[in-house]
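The values are calculated or read from the model by the stated rules, or taken from the named source; none is laboratory data. Computed from a prediction, not measured in an experiment: that's the story for all the values here. In this analysis, Cβ positions are derived from the backbone assuming ideal geometry, glycine residues included, and neighbour counts consider all displayed protein chains.
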Amino acid sequence: MNTHSIMVKANARAALLIAAIAVSPAAAQGLVAVKNGRVHTKDAVIEDAVVLIDNGRITKIGKQGEFEVPWEAKTVDATGKIVLPTFVLAHSQGGVRMANERMENVAFLTIADALDPASPFFEDCLRSGVGTVHAIPGNATLLGGAGIVVRPFGRTVPDMAVSTQTGLKLSLLPQGGGRLLQIRKLRRALDDAREYLADFDRRKAEFEKEQKAAAIDKDKKWTEEFDKTKKPVIDLVQKKTRGWLYVPGSAEVPEAMRLQQELDLVLVLGPQVHRAIEALKGVKNPVVLEETIEFFETDPETKKETKIRLAKLLADAGIPFALSLGAAAPSSYAWWQLASCVRQGVDKKIALSALTEVPAKLLSLDDQIGTLEVGKLANLQVLTGDPMQATSWVETVVLEGQVVYERSKDERLKYLLDAAAKPADASTSGSK
């Protein structure tokens, strides 16, 4: 398939997704009342509270009895349970077929074409209380294409879409060469876009000058448009779109900090950046951590092992961060990541914000999601206990006013739990 055909397909898909956003799959469900829970709002924790939802948005939050709940409202019983905003993943390859195709400079592609709505990943998101996912190309790239924000609910990508063209993926991870070669290739790609833009602007200015001098018909219009394969990178260098730059280690941090002076960037940090925390203090946007937030490092001379607590290092440096979930346990569990932060010494509120407010801000959706506030989308989860305890689980998930997950109706989970219980039952019966 040639480049033009790829672009036609990509643009058609993007147009379809944008149109889909206007009609949410979590369409208005009428009135919903989440009652008697311990509700965590942006500024307070309200005991025995009611969250009233109308047309997919929160209309009231208060203690039981402070306001009347309409009789026709669908009730979600949260008695004795905790009500939190659903978690937000700022950077993920979950649910993506071939997250990386080892193509270095494909900024004109969109990850939406590789998204699989039937992936078990999205079911697991709901079980973990995740309500928003930013799917974006992986790290084995140079300029890897655009991301898309989805809700983990829906039969098709347009059903799931929240926001399209959320920015371009860039990576400083070496691809078939050393670190310096990767930096040179990225710089060359950015310079190519700048040179193309300068030439385009020069030719347009010459056209307008000749037209003004009556050398060209006054009614003739400038019709040339940007090359569609170059347009995403042009938007990047003009700061019209955001870049998500993967920084694998401390050695790449200086170049990342230089690039953020030129571009609107979010730095996605690999675990080996711990030696460059001081340099990261000048970062402009909150950063995103990969799933590995603590590990042991061995001194090559003394052989002494030191535990690196990356979340704690960033928190102590005053650098806001968003957490990620891994593809396998235990880092695939939100409670594990949150509890790991607290175990490291991170304040509980900062840890929770790393899966709610901070990623919502990075996605420019903080006016809609990330906290429970009147006027925001009703994206909330009902948990049986402390979200940082392994013994707590998500009982109900509400997205835009629609109950999209109930643990009691999770047939796949029931099947797995029943299957796990059978060997124990069999051994018990055999011993009698």
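Results for (1) touching a residue at least 24 places away in the same chain (Cβ under 8 Å); (2) within 18 Å of Ala354 (Cα to Cα); (3) assigned to a helix (DSSP H, G or I); (4) aromatic (Phe, Trp, Tyr), shown as yes or no for each residue.
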residue: Met98; (1), (2), (3), (4): no, no, no, no
residue: Ala107; (1), (2), (3), (4): yes, no, no, no
residue: Phe121; (1), (2), (3), (4): yes, no, yes, yes
residue: Cys125; (1), (2), (3), (4): yes, yes, yes, no
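If you go through region 347-363 and keep only what is closer than 16 Å to Glu294 by Cβ and surrounded by fewer than 22 Cβ atoms within 10 Å (Cβ to Cβ), you end up with just Ile350. Just one of the numbered conditions (1) surrounded by fewer than 24 Cβ atoms within 10 Å (Cβ to Cβ); (2) in contact (Cβ under 8 Å) with a residue 24 or more places away in the chain is not true of Gln368: (2). Residue under question is Leu399, and the condition is that it be at pLDDT 95 or above, crowded, with 24+ Cβ neighbours inside 10 Å and not small (Gly, Ala, Ser); does it hold? Taking the combined requirement at face value, the residue satisfies it. Quick check, is Asp235 charged (D, E, K, R) and outside any helix (DSSP H, G or I)? In short, no. With the structure loaded, tell me whether Gly249 is modelled with pLDDT under 95 and either surrounded by fewer than 22 Cβ atoms within 10 Å (Cβ to Cβ) or under 21 Å from the mean Cα position of the chain (by Cα) (or both) or whether it fails that test. Criteria not met by Gly249. The residue of region 215-246 that is surrounded by the most Cβ atoms within 10 Å (Cβ to Cβ), among those that are within 30 Å of Ala276 (Cα to Cα) and among the polar types (S, T, N, Q), is Thr241. Taking the conditions (1) buried (at least 19 other Cβ atoms within 10 Å of the Cβ); (2) in contact with a strand residue (DSSP E or B) (Cβ under 6 Å, 6 or more places away or on another chain); (3) not small (Gly, Ala, Ser) in turn, Met257 satisfies each one other than (2).
Asp116 fulfils the conditions (1) within 24 Å of Leu399 (Cα to Cα); (2) crowded, with 18+ Cβ neighbours inside 10 Å except for a single criterion, (2).
Of the residues making up region 52-89, those that are in contact with a Ser or Thr (Cβ under 9 Å, 6 or more places away or on another chain) and outside any strand (DSSP E or B) number 6. Just one of the listed residues (Val358, Val398, Val346) is outside any helix (DSSP H, G or I), touching a strand residue (DSSP E or B) at 6+ places or on another chain (Cβ under 8 Å) and either under 22 Å from Ala44 (Cβ atoms) or among the small types (Gly, Ala, Ser) (or both), namely Val398. Checking each residue in region 260-271 for being surrounded by fewer than 21 Cβ atoms within 10 Å (Cβ to Cβ), at pLDDT 95 or above and within 22 Å of Glu290 (Cβ to Cβ) picks out Gln260, Leu263, Asp264, Gly270. Taking first residues from region 373-396 that are within 14 Å of Ala78 (Cβ to Cβ) and partners that are acidic (Asp, Glu) and assigned to a loop (DSSP other than H, G, I, E, B), the Cβ contacts under 9 Å between residues at least 6 apart in sequence or on separate chains come to Ala378/Glu400; Ser392/Asp386.
Remark: Ala256 falls outside the filter, which requires a residue to be more than 22 Å from Gly326 (Cβ to Cβ), at pLDDT 95 or above and either more than 24 Å from the chain's Cα centre (by Cα) or in a strand (DSSP E or B) (or both). Taking region 270-302, which residues are assigned to a loop (DSSP other than H, G, I, E, B), under 13 Å from Gln260 (Cβ atoms) and of a type in the set (A, V, I, L, M, F, W, C)? Val283 - this is the single residue of region 270-302 that is assigned to a loop (DSSP other than H, G, I, E, B), under 13 Å from Gln260 (Cβ atoms) and of a type in the set (A, V, I, L, M, F, W, C). Within region 84-102, the set of residues being of a type outside the set (Gly, Ala, Ser) and in contact with a Pro (Cβ under 9 Å, 6 or more places away or on another chain) comprises Leu84, Phe87, Val88, Leu89, His91, Gln93, Val96, Asn100, Glu101.
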